[in-house]
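Below is one structure, written out as structure tokens; the observations come after it.
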Amino acid sequence: MKTLLLSTVIVLGCLVTARAEIETNLPAWAIGTFTRANDGQPVISPDTNSVFDCPASKKPVHWEKKWVYNPAAVVKDGKVVVLYRSQQGPGNTCSRIGYAESEDGIHFKTDPTPVLFPDEDSQKSWEWAGNDGSGGCEDPRLTESPDGTYILTYTQWHGGSVFRLGLATSKDLKHWTKQGGAFAGTKWESAAKKSASVVHELKDGRLVAAKINGKYWMYFGDSSILTATSDDLIHWVPLEDENGKFKPVMKPRDTKYYDNLIVEVGPQAVLTKDGIILFYNGVNGHKEKANPDYAPGTYCGGQALFDRNDPTKLIARLDKPYIQPEFPWEKTGLYKYGTTFTEGLVYFKNQWFVYFGCADSFVGAAICNPSHSATGKQ
């Protein structure tokens with residue numbers, strides 16, 4: 001494993017410009033305020049030395065040479081484990097998923113080879129576009145089941161417009177069994193959808209998947225927010241409207257807000273006494289569709305509250321993001337408009353840690369020292 005040397009904490013807001021608007025007076029239901037970890041520096045960065053013998057291309061690849069980003073996270077055996085998306089760089093943009101672990105949530109050791117990638121398996125047609133190096137396994141999000149099994153949702157991309165929400169399972173976070181599409185067996189099996197967040201609850205200091213009205217619930221979607229239910233966390237059925245189409249439960253707002261173009265699901269949703277807190281990523285529009293308080297095209301982190309007994313019922317959402325790009329590596333990179341794209345959330349050593357992609361180039365982290373009931377046992 002490789003060791004990344006990192007340090008300290010900085011208060012979110014210290015570097016906010018006059019135009020940047022972040023939600024600092026959070027409502028009682030929200031989780032926050034979050035402060036940047038590691039002096040705002042990335043906690044995981046590209047590594048030019050990592051080489052992997054790709055079974056799909058039959059060639060060695062520098063699989064995390066240029067970009068590492070969009071991390072999932074979970075606590076296992078007293079450590080934070082992050083699974084992150086990686087790419088070699090120009091000319092080879094195939095995505096693979098790497099493994100990192102930390103004893104303090106900030107200083108990470110990373111494995112030299114990925115743990116999920118296009119392979120000679122039943123999913124190759126969804127994850128490999130050929131020798132041009134495109135396609136791959138993208139944007140992981142983690143679920144821990146009550147029995148300790150880990151479920152990974154991720155984007156299977158074949159190149160071009162061919163993608164879907166894939167699913168894999170593991171007992172150790174390193175060895176994964178691909179289960180195919182999350183909506184297998186339904187008419188939505190091949191739907192071009194991605195980004196999934198399963199509802200969790202905090203039990204004995206551990207985030208685990210929670211049942212509501214006898215079902216597990218998942219929010220998903222990358223333009224508007226949709227929902228699905230499951231009996232086993234493996235087989236999911238999307239909720240439909242009266243016309244048999246996907247039923248949105250949350251959409252982008254108007255230009256008064258930062259999330260006027262896209263709302264995309266973030267890390268694990270959290271069931272609290274006030275309701276279900278959905279972390280999501282909102283995108284500001286361009287030109288006349290942009291909110292002038294935020295850079296056009298920017299992804300910021302938001303929170304929304306859904307009814308704890310009816311996960312389709314939206315109750316409230318933050319008017320402003322709780323986190324947004326501030327540092328140079330968050331404002332520009334592979335994604336030139338900037339992101340704090342949240343995908344990982346853990347409750348660790350009595351604090352909340354959120355992990356996010358920085359402009360599709362690095363992994364960052366922020367920490368919340370809980371001070372209200374949203375973090376309590378429900």
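The values are calculated or read from the model by the stated rules, or taken from the named source; none is laboratory data. None of the values given here were measured: they were computed from a predicted structure. Counting neighbours? That spans all protein chains shown, and the Cβs are built from the backbone with ideal geometry, glycine included.
Within the stretch 247-297, the residues that satisfy the criterion of being among the acidic types (Asp, Glu) and either crowded, with 19+ Cβ neighbours inside 10 Å or in contact with a Lys or Arg (Cβ under 8 Å, 6 or more places away or on another chain) (or both) are 259, 264, 274, 293. Whenever a residue of the stretch 103-122 is under 16 Å from residue 349 (Cα atoms), its partners that are surrounded by 14 or more Cβ atoms within 10 Å (Cβ to Cβ) and of a type in the set (Lys, Arg), lying with C-beta atoms within less than 6 angstrom and at least six residues away or across chains, give the pairs 103/79.
For the stretch 43-94, no strands (runs of 3 or more DSSP E) sit wholly inside it while including 3 or more residues that are under 27 Å from residue 196 (Cβ atoms), in contact (Cβ under 8 Å) with a residue 24 or more places away in the chain and more than 21 Å from the chain's Cα centre (by Cα).
Listed conditions (1) closer than 23 Å to residue 169 by Cα; (2) touching a residue at least 24 places away in the same chain (Cβ under 8 Å); (3) surrounded by fewer than 23 Cβ atoms within 10 Å (Cβ to Cβ) are all met by residue 220, apart from (3). If you go through the stretch 144-162 and pick out every residue that is surrounded by fewer than 22 Cβ atoms within 10 Å (Cβ to Cβ) and within 9 Å of residue 194 (Cβ to Cβ), you end up with 0.
Given the structure, is residue 112 more than 30 Å from residue 210 (Cβ to Cβ), modelled with pLDDT of 95 or more and in contact with a helix residue (DSSP H, G or I) (Cβ under 7 Å, 6 or more places away or on another chain)? The answer is no for residue 112. If you filter the stretch 1-38 down to residues that are outside any loop (DSSP other than H, G, I, E, B) and surrounded by 12 or more Cβ atoms within 10 Å (Cβ to Cβ), you find that the one that is modelled with the lowest pLDDT is 9.
Conditions (1) among the aliphatic types (A, V, I, L, M); (2) surrounded by fewer than 21 Cβ atoms within 10 Å (Cβ to Cβ), marked per residue:
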position: 331; (1), (2): no, yes
position: 336; (1), (2): no, yes
position: 343; (1), (2): no, no
position: 346; (1), (2): yes, no
position: 359; (1), (2): yes, no
position: 362; (1), (2): no, no
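On the basis of being surrounded by fewer than 23 Cβ atoms within 10 Å (Cβ to Cβ) and either closer than 30 Å to residue 315 by Cα or touching a strand residue (DSSP E or B) at 6+ places or on another chain (Cβ under 9 Å) (or both), does residue 70 make the cut? So residue 70 does not fit the description; no.
Count of the stretch 151-208 residues, restricted to those that are over 16 Å from residue 117 (Cα atoms) and either touching a His at 6+ places or on another chain (Cβ under 8 Å) or of a type outside the set (Phe, Trp, Tyr) (or both), is 30.
Against the condition modelled with pLDDT of 95 or more, of a type outside the set (Asp, Glu) and over 30 Å from residue 125 (Cα atoms), how does residue 42 come out, does it pass? Criteria met by residue 42.
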